[in-house]
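Since the structure comes first, as structure tokens, the remarks are kept for the end.
The values are calculated or read from the model by the stated rules, or taken from the named source; none is laboratory data. On a predicted model such as this, the values are computed, not experimentally measured, just so you know. Cβ: placed from backbone, ideal geometry, glycine included. Neighbour counts: every protein chain shown. What goes into the accessible areas is simple: the full protein's heavy atoms, side chains included, and nothing from ligands, DNA or RNA. Shrake-Rupley method; radii C 1.70, N 1.55, O 1.52, S 1.80 Å.
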Amino acid sequence: MMARPHLSLGDATVFVLVALILAAAVFGNLLAPEATFSSDIGNAFLPPDAQHWLGTDSQGRDVLWRVIAGAAPSLLSSMLVVTIYSLIGVVVATLATVVPRWLDEGLMRGTEIGLALPGVIVAMGFASAMGPSLASAVIAMSITGWPITARLLRSITRQTMVAPYVQGAQVMGVSRFRLMTRHVLPNSLDVLIIKWSGDVSITILVLGGLSFVGVGAQPPSAEWGAMISDARSYVSTAWWTAAAPGAAIALTAVSFSLLGDILQRRLGGAGASGGARS
Amino acid sequence: MFDSPAADPALPNRFAPVRAAAPLVRFFARRIGLSVLTLLGLVTLAFAMTKFIPGDEAQVAAGPDAGPDQVEAMRARLGLDAPAIVQYLRFIWRLLHGDLGTSIVTYQPVLRDLERVLPSTLELVAITMVLNLVIAIPVATIAAAQGGRGLDALTRIAAAIAAGLPVFWVALMLQFLLGTLARVLPISGQRGFGVTVPNWTGMRTLDALLSGNPSAFLDASLYLVLPAATLALHFSSQLFRALRASLELAAASDFIAPVKAKGASTARILWRHALPNALPPVITLAGTQIADMLGAAVLVEAVFARQGVGAYLANAVAQKDTFAVIGTVLFVGAMVCVVNLLVDAILLATDPRLRAAELARGGRQ
């Protein structure tokens, strides 16, 4: 962990990809022409050509522009999901660290129960019960996603609490709450950031899956899973309508997963690799 | 410790087998206790789901075509005017009697529907798990032998990409490329026209084998290739990455140096010494993968129109058959609990280090 490694070509590529995808997510909707969202049946299912680089879909909408416009609902919602459940994880881990031992045990038992359940299926149940929509999927995934983060953070705070500098602060009479927020939690920030990036990669796959089976974003939306769901019936005649949004999901998922690997190398965070569950 | 008769070597130790087994019994008692708690958590979540339903719960449970009488009958059956805690207890009571609700699409008890579709999913998950292990373990070990060059670098990149591919999209693309364009594999369903086998286990490949019908076996297998390959691509890339990392750790550990000094070949070091030590965490991962496989099977079964639990769930979602959805979630969750318990038992039986740790832990308490 001496000097930070130089920016390699591979790392630079990943940074550029992530930046481009983020730009599409933030500005895509503003840049996309009106026709991206309105149907023009006369031009349906045009194969890729010079005018429509990725062809047109069942409603005659340009697939490339829809994929770009879809970055916002796909990526930003995934980021929102991971951010919400990471915060829940932080709260649970913090509580577990400061409360009496029996309550810590209880919280961690609850976390273990959450880990033992099939998260995707439970999220599907919640989203379906609330009525299928992108918001339902986001809520459902947020309330089922936190256990891994909570357990990871708790294991780190357990180690940090016995570190000399924390014990020193304790001797000086720093309150447990202040100890936690000012001394212990900042120490796990690196791990949290690395995990956040890797989790966005997994979440975007799950969100796409939920939309694909119909409990997430609904048809007119350009969310990538919903686009694939819409294109499903036409794959044999217009493969590009399904291929393009799927490639977008894959590119985004791989980019964020690699970003997580790079951050892990650069920040030197240890033990953040426990989150490889989709 | 010193007053224990077993500590006295002069006395015959009649209780030794019982003593040796006690920590294991305690381990499983604790483990089963945790499973029961998990089931209770699952049931509570499922109950919470029914409370998340916007609008009239009784109307949703009775179905959109139900008349006012039927809706009122459903309201009485679900006891919706009782306090929430009473409703919760009644919910558990009904589950204990095997009542997972009634489907508003098939008009059948959800449990009976699930019993019908379960074998197909078990068949798919079992084949996927076999492929998963058969691909990931040798590829990771062979890649490790190359130590960062050639095949190792290549498989690392391939696995990183494969892990990022959405399974439902891979399913659609494989269906299109190999089924529709190349016409080498059937694109949907689970049996060819006119092919019949007796329905003994419900798993068509197994039924075909048991009834001695090779052509039906081939037929059923062909229908499994695409769904199983789709799932295996995703899960074996995960497993590969975990095992590759685990092998790196094992190969760098102290016990490898003397083996190397004795002149063992790289292949022997990897297969005989590093691999057995690198496997346990990977088996744990494979166990947790089963839960994820059931989740992914929902998507894959829907694409390939297999009559499994996943397709049933996807269908129930599409038909807004909410109580069938919740019943299926409960069912799959319970299955995952049982699988987790089995994986722990397998790990305990195969890894002496873990067994020793558990024995020590049991002795301490």
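Miscellaneous remarks
- Residues (within 14 Å of chain B (Cβ to nearest Cβ), open to solvent by 30 Å² or more (accessible area, probe 1.4 Å) and over 16 Å from the mean Cα position of the chain (by Cα)) located in segment A:116-163: A:Met130, A:Pro132, A:Ser133, A:Arg151
- Across segment B:5-57, the number of residues qualifying as among the charged types (D, E, K, R), closer than 28 Å to B:Leu95 by Cβ and at pLDDT below 80 comes to 2.
- Where a residue in segment B:331-343 is farther than 18 Å from B:Gly310 by Cα and its partner, wherever it lies, is basic (Lys, Arg) and in a helix (DSSP H, G or I), with Cβ under 7 Å and at least six apart: B:Leu341/B:Arg31
- Residue selected from segment B:73-88 under the condition over 18 Å from B:Phe52 (Cβ atoms) and surrounded by fewer than 14 Cβ atoms within 10 Å (Cβ to Cβ), by the criterion modelled with the highest pLDDT: B:Val86
- Checking B:Pro281 against (1) within 14 Å of chain A (Cβ to nearest Cβ); (2) closer than 30 Å to B:Ala311 by Cα; (3) at pLDDT below 85, the condition it does not meet: (2)
- Residue match in segment B:63-72 (condition: crowded, with 18+ Cβ neighbours inside 10 Å, under 24 Å from the mean Cα position of the chain (by Cα) and away from chain A (no Cβ under 14 Å)): no
- Filter result (open to solvent by less than 10 Å² (accessible area, probe 1.4 Å), within 10 Å of chain B (Cβ to nearest Cβ) and either small (Gly, Ala, Ser) or touching a residue at least 24 places away in the same chain (Cβ under 8 Å) (or both)) within segment A:225-249: A:Gly225, A:Ala231, A:Ala242, A:Pro245, A:Gly246, A:Ile249
- Single residue of B:Ile135, B:Ile127 found to be assigned to a helix (DSSP H, G or I), closer than 18 Å to B:Leu270 by Cα and assigned by TED's automatic domain parsing to the domain that holds B:Gly189: B:Ile135
- Selection of segment B:241-265 for residues being in a helix (DSSP H, G or I) and under 30 Å from A:Leu258 (Cα atoms) yields B:Arg241, B:Ala242, B:Leu243, B:Arg244, B:Ala245, B:Ser246, B:Leu247, B:Glu248, B:Leu249, B:Ala250, B:Ala251.
- When the test is whether a residue is buried (at least 17 other Cβ atoms within 10 Å of the Cβ) and away from chain A (no Cβ under 14 Å), B:Arg204 passes it.
- All positions within segment A:215-224 that are at pLDDT 90 or above, more than 17 Å from A:Ala123 (Cβ to Cβ) and more than 11 Å from chain B (Cβ to nearest Cβ): none
- Residue in segment B:183-199 that is in a helix (DSSP H, G or I) and away from chain A (no Cβ under 11 Å) present: no
- Residue identified as in contact with a Leu (Cβ under 9 Å, 6 or more places away or on another chain) and either away from every other protein chain (no Cβ under 14 Å) or open to solvent by 40 Å² or more (accessible area, probe 1.4 Å) (or both) among B:Leu122, B:Leu96, B:Leu151, B:Leu133: B:Leu133
- Flag if B:Leu239 is modelled with pLDDT of 85 or more, closer than 28 Å to B:Leu124 by Cα and open to solvent by less than 40 Å² (accessible area, probe 1.4 Å): yes
- The residue that is nearest to A:Ile148 (Cα to Cα), counting only those in segment A:53-83 that are of a type in the set (Ser, Thr, Tyr) and at pLDDT 90 or above, is A:Thr83.
- Here the helices (runs of 4 or more DSSP H) wholly within segment B:286-365 that include at least 3 residues being within 11 Å of chain A (Cβ to nearest Cβ) and among the small types (Gly, Ala, Ser) are B:309-318, B:322-350.
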